[in-house]
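Q: Quick one: the structure is below, questions incoming.
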Amino acid sequence: MSKQFFYGLFIFLAFSGTVALSANVPDTLNVTAQTSPDGNIIAAVSVQNPFSESWASITLKGEYTGSPAHNNTEEIPGTKKYWKAKATCNGVVFVIGNNYYNNEISYDWQASSDFNFWIKSTTAAKYTITFSLYYCVGIYKKKNDGNAGDFIRWSPIKTVTTTRDIWIVGIDKIMVKPTNSPDTSYIDSPDEVVALVGTQHTFKVIRTPSNAPAWPSGKPKWTLISFNENNQRFEQNNVGDVMYISAADGITLLDSTLTFECGNKKTIKLINIKPILESVDFQGNGIQKINEVGDDPEWQKTNKKNSKERNEPICVVKNNKFQANSKISMSNDLTFQTDVSIFVEIGNTTKTFGKHRYDWKLKNKGTFDLIILDITVENMVYIGTSNYDFYYNVNNKKENMTVFTNTAYVTWDFSKLQDARYITKRHLQYACRTANGSKTLAEIGDKIGADIMSKDYFKVENDNTYRYSRYITTDHPENQLWLIVDHVITMGRASRIRARGDCGAQAQLMKKIIELLGDDSAKIAYVFPRHNSWDGLAHESHNEVEQLGFGYVMGSWNNYEGCCIFQNKWWMGGFGKSQDNALKVLLYVTMNNKDKGYVSNAEGILSDNGNRQCWETNQNRCISYPPGQPTASQLEIKKSN
């Protein structure tokens, strides 16, 4: 008989009974075996090494009693009698020790001894095994002396036979259906099942042969192995032909396997994905582009390892609405169409501004648009910080997608700057931060004027009190004016201001800041000292030639006081204060307008007794004001010739 080597599982059959040989008593052969609960003999199909699991043997036991019938054959002294046990079944392999026998196995059996063998098959099917016991005698030639001579043949003179069905069961296929999809019936599972994280699928194992009464004991086994984003391994094991697998959050995308085993194995790869937020582009009637941001989406996912996503601020006009045009992608086709509600919550740490819901039927990979309408801003100037939380719901459970924080510079109106290059993040940050909470133009003027026109940003030509790298004068171009606030944004407040300006530069910068916030009604005026007449008290230009000036203004000679006029207030450079008109500016700057004297402070240190208007050639002597009060026309700003 031929030998073969198979790889697989095995079955256990216990074969026992009593065979009574008598010519007058019908004999029976009873077979018992390790079976399923309903009495069926069921084993798993064999595809593995036969010794990889604890095989058991089929055992035939019998007891010889009495004398068999000889069918009138003369029993010769010295002839041999024996039992032969035999099992036959096409398509199976019988195993004794390390020997493999196809379809049939036989064994010389002695009364009260055991007949042990194994059985297996690599093909799942129903098999009928015939078990036989033969009582045999040897037929010999008879010698002259009456003893047995040459052997002629064995003659079975008694046969006892019985049959048993054995089911060799394996896995035919895996079927799957989703629990939250309009597709509710089972389908043959593909090798890869792609599902959204949070969805649940039911897998059903179909056995072969299909008419087998049950699975083998402890079969089918299933094992789920998955990894989370930190490469931590998770393993689940169980037994059953129906199981529920949830694509749970925390399981690594594209790296989970589900294996079913009943002798043979079927493996399904689970690809768990989430919708991916690719970009968010803020648009609308109230949005204006920031110079450095350009036309690219303000928020954009990065595909570079260890790189942060693009996240730029927006600039929006107060009391307005805008929208966020979002792009969401799917990296793979889903196995089943899945009903999903995508949510976007907008808010900050204290309140929610809005919650938007979008219902989708997701199936195919690609990119689709999600437009968030009617995002509102408050009716004032401020810097708003909003969290945009993108997530979706399946099975009434929140599955996170992306959360990012966006900064919005909220202005009074669209910028009135003539040069859009200066609509920058630094400039908007200074303007909106300084004017924070302003609900009127007057409030904007009061907050901007009190800061940018203060002594912190003031520097006259010969003043070395502060460390600075740039001294900005009235004649410097716009790009130089903005240096005064640029350094504040990058390095901190007054103690680190690295560029300062004279009063005229401060006044021009205040006008630019107000224009950046969206109003162009601010004006520049230069207030000059007056002696003979009030004419020319205020000029729109600082280029008037004057020998008369201010002595001891900020500790240095000064020809004029640069002012920014906004909302009927004259904001004075270097003071951070405002007056109602040009005359009050002059009186404030010249203070008591007395000849130079000295006053002693509490420590006894002498200092000048105050500012005055005076001739440049004699700054110790005050020059009196013109007689009377200026007329309304004399208080107006004089146009340059």
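The values are calculated or read from the model by the stated rules, or taken from the named source; none is laboratory data. The structure displayed is predicted, hence computed values, not measured ones. Positions of Cβ are backbone-derived with ideal geometry, glycine not excepted, and every protein chain shown enters the neighbour counts. In case anyone asks, the SASA skips ligands and DNA or RNA and just uses the protein heavy atoms, side chains included. Shrake-Rupley method; radii C 1.70, N 1.55, O 1.52, S 1.80 Å.
Q: Six or more apart or on different chains, Cβ under 6 Å: which pairs go from a residue in the stretch 620-641 that's of a type in the set (A, V, I, L, M) to one that's part of a strand (DSSP E or B)? Could you list them?
A: Ile623/Gln613; Ile623/Cys614; Ile637/Ala525; Ile637/Ala538
Q: Against the definition (of a type in the set (Val, Ile, Thr) and open to solvent by less than 40 Å² (accessible area, probe 1.4 Å)), how does Val403 come out, yes or no?
A: Working: of a type in the set (Val, Ile, Thr): yes; open to solvent by less than 40 Å² (accessible area, probe 1.4 Å): no.
Answer is no for this residue.
Q: Further, regarding this structure: Within the set of pairs 6 or more residues apart or between chains, which connect a residue that is within 19 Å of Lys266 (Cα to Cα) and of a type in the set (S, T, N, Q) inside the stretch 192-203 to a residue that is part of a strand (DSSP E or B) and open to solvent by 10 Å² or more (accessible area, probe 1.4 Å) with Cβ atoms less than 7 Å apart?
A: Pairs that qualify, where the first residue is within 19 Å of Lys266 (Cα to Cα) and of a type in the set (S, T, N, Q) and the partner is part of a strand (DSSP E or B) and open to solvent by 10 Å² or more (accessible area, probe 1.4 Å), are Thr202/Lys177; Thr202/Val242; Thr202/Tyr244.
Q: While we're looking at this one, here's another question. Any idea which residue in the stretch 272-311 is modelled with the lowest pLDDT, counting only those that are in contact with a Ser or Thr (Cβ under 8 Å, 6 or more places away or on another chain) and under 30 Å from Asn237 (Cα atoms)?
A: Taking the candidates together, the pick is Asn272.
Q: Might you let me know whether the stretch 211-223 holds any residue that is free of Cβ contacts under 8 Å to residues at least 60 places away in the same chain, farther than 20 Å from Lys269 by Cβ and open to solvent by 90 Å² or more (accessible area, probe 1.4 Å)?
A: As a first pass, look at the stretch 211-223 and keep what is free of Cβ contacts under 8 Å to residues at least 60 places away in the same chain: 218, 220-223.
Next, only the ones that are farther than 20 Å from Lys269 by Cβ stay: 218.
Narrowing further to those that are open to solvent by 90 Å² or more (accessible area, probe 1.4 Å): none.
Looking for residues that are free of Cβ contacts under 8 Å to residues at least 60 places away in the same chain, farther than 20 Å from Lys269 by Cβ and open to solvent by 90 Å² or more (accessible area, probe 1.4 Å), one finds none in the stretch 211-223, hence no.
Q: Still on this structure, please answer the following. State the number of residues belonging to the stretch 467-524 that are modelled with pLDDT of 90 or more, in a loop (DSSP other than H, G, I, E, B) and within 14 Å of Met453 (Cβ to Cβ).
A: Here the count works out to 1.
Q: Can you tell me how many residues within the stretch 252-272 are under 22 Å from the mean Cα position of the chain (by Cα) and surrounded by fewer than 20 Cβ atoms within 10 Å (Cβ to Cβ)?
A: 7
Residues checked against (1) closer than 30 Å to Pro190 by Cα; (2) among the acidic types (Asp, Glu); (3) at pLDDT below 75:
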position: Trp109; (1), (2), (3): no, no, yes
position: Thr122; (1), (2), (3): yes, no, no
position: Ile129; (1), (2), (3): no, no, no
position: Ile139; (1), (2), (3): no, no, yes
position: Lys143; (1), (2), (3): no, no, yes
position: Gly149; (1), (2), (3): no, no, yes
position: Pro156; (1), (2), (3): no, no, yes
position: Asp165; (1), (2), (3): no, yes, no
position: Ile174; (1), (2), (3): yes, no, no
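Q: From the set of residues in the stretch 429-439 that are touching a helix residue (DSSP H, G or I) at 6+ places or on another chain (Cβ under 7 Å) and hydrophobic (A, V, I, L, M, F, W, C), which is surrounded by the most Cβ atoms within 10 Å (Cβ to Cβ)?
A: Quick first cut of the stretch 429-439, residues touching a helix residue (DSSP H, G or I) at 6+ places or on another chain (Cβ under 7 Å) only: 429-431, 434-435, 438.
Keeping just the survivors that are hydrophobic (A, V, I, L, M, F, W, C) gives 431, 435.
Values: Ala431: 28, Ala435: 26.
Filtering the stretch 429-439 for residues that are touching a helix residue (DSSP H, G or I) at 6+ places or on another chain (Cβ under 7 Å) and hydrophobic (A, V, I, L, M, F, W, C), the one surrounded by the most Cβ atoms within 10 Å (Cβ to Cβ) comes out as Ala431.
Q: Moving on. Go through the stretch 574-622 and count every residue that is modelled with pLDDT of 90 or more and open to solvent by 80 Å² or more (accessible area, probe 1.4 Å).
A: Final tally of qualifying residues: 3.
Q: Listed residues Ile342, Ile346, Ile372; which is open to solvent by less than 10 Å² (accessible area, probe 1.4 Å) and touching a residue at least 60 places away in the same chain (Cβ under 8 Å)? Full working, then the answer.
A: Working: Ile346 fails: touching a residue at least 60 places away in the same chain (Cβ under 8 Å); Ile372 fails: touching a residue at least 60 places away in the same chain (Cβ under 8 Å).
After ruling out the rest, the residue left standing is Ile342.
Q: When you scan the stretch 353-395, how many residues do you find that are among the hydroxyl-bearing types (Ser, Thr, Tyr) and more than 25 Å from Leu196 (Cβ to Cβ)? Show your work before the answer.
A: First, pick out the residues of the stretch 353-395 that are among the hydroxyl-bearing types (Ser, Thr, Tyr): 358, 367, 376, 382, 385-386, 388, 391-392.
Next cut, more than 25 Å from Leu196 (Cβ to Cβ) only: 376, 382, 385-386.
Final tally of qualifying residues: 4.
Q: If the requirement is being open to solvent by 30 Å² or more (accessible area, probe 1.4 Å) and not in a strand (DSSP E or B), which of these qualifies: Asp145, Asp150?
A: On the way: Asp150 fails: not in a strand (DSSP E or B).
Unique residue meeting the criteria: Asp145.
Q: Moving on to the next point. Can you report the number of residues in the stretch 188-215 which are aliphatic (A, V, I, L, M), in a strand (DSSP E or B) and either within 30 Å of the chain's Cα centre (by Cα) or at pLDDT below 90 (or both)? Let's see the steps before the verdict.
A: Here is the first cut: in the stretch 188-215, the residues aliphatic (A, V, I, L, M) are 193-197, 205-206, 212, 214.
Next, from what is left, pick out any that are in a strand (DSSP E or B): 193-196, 205-206.
Applying the additional criterion that residues be either within 30 Å of the chain's Cα centre (by Cα) or at pLDDT below 90 (or both) yields 193-196.
Within the stretch 188-215, residues that are aliphatic (A, V, I, L, M), in a strand (DSSP E or B) and either within 30 Å of the chain's Cα centre (by Cα) or at pLDDT below 90 (or both) number 4.
Q: Applying the selection to the stretch 348-379, what residues are part of a strand (DSSP E or B) and of a type in the set (A, V, I, L, M)?
A: So in the stretch 348-379, the residues part of a strand (DSSP E or B) come out as 352-362, 366-376.
Result: Leu362, Leu370, Ile371, Ile372, Leu373, Ile375.
Q: Looking at the stretch 319-328, which of the residues that are open to solvent by 10 Å² or more (accessible area, probe 1.4 Å) and among the polar types (S, T, N, Q) is farthest from Val176 (Cα to Cα)?
A: Checked the stretch 319-328; the qualifying residue farthest from Val176 (Cα to Cα) is Asn319.
Q: Quick check on Tyr409: is it over 30 Å from Met330 (Cα atoms), aromatic (Phe, Trp, Tyr), at pLDDT 90 or above and surrounded by 17 or more Cβ atoms within 10 Å (Cβ to Cβ)?
A: Numbers: over 30 Å from Met330 (Cα atoms): yes; aromatic (Phe, Trp, Tyr): yes; at pLDDT 90 or above: yes; surrounded by 17 or more Cβ atoms within 10 Å (Cβ to Cβ): yes.
Answer is yes for this residue.
Q: Here is a further query. Go through (1) touching a Leu at 6+ places or on another chain (Cβ under 7 Å); (2) without any contact (Cβ under 8 Å) to a residue 60 or more places away in the chain one by one and return the number of the condition Val160 breaks.
A: (2)
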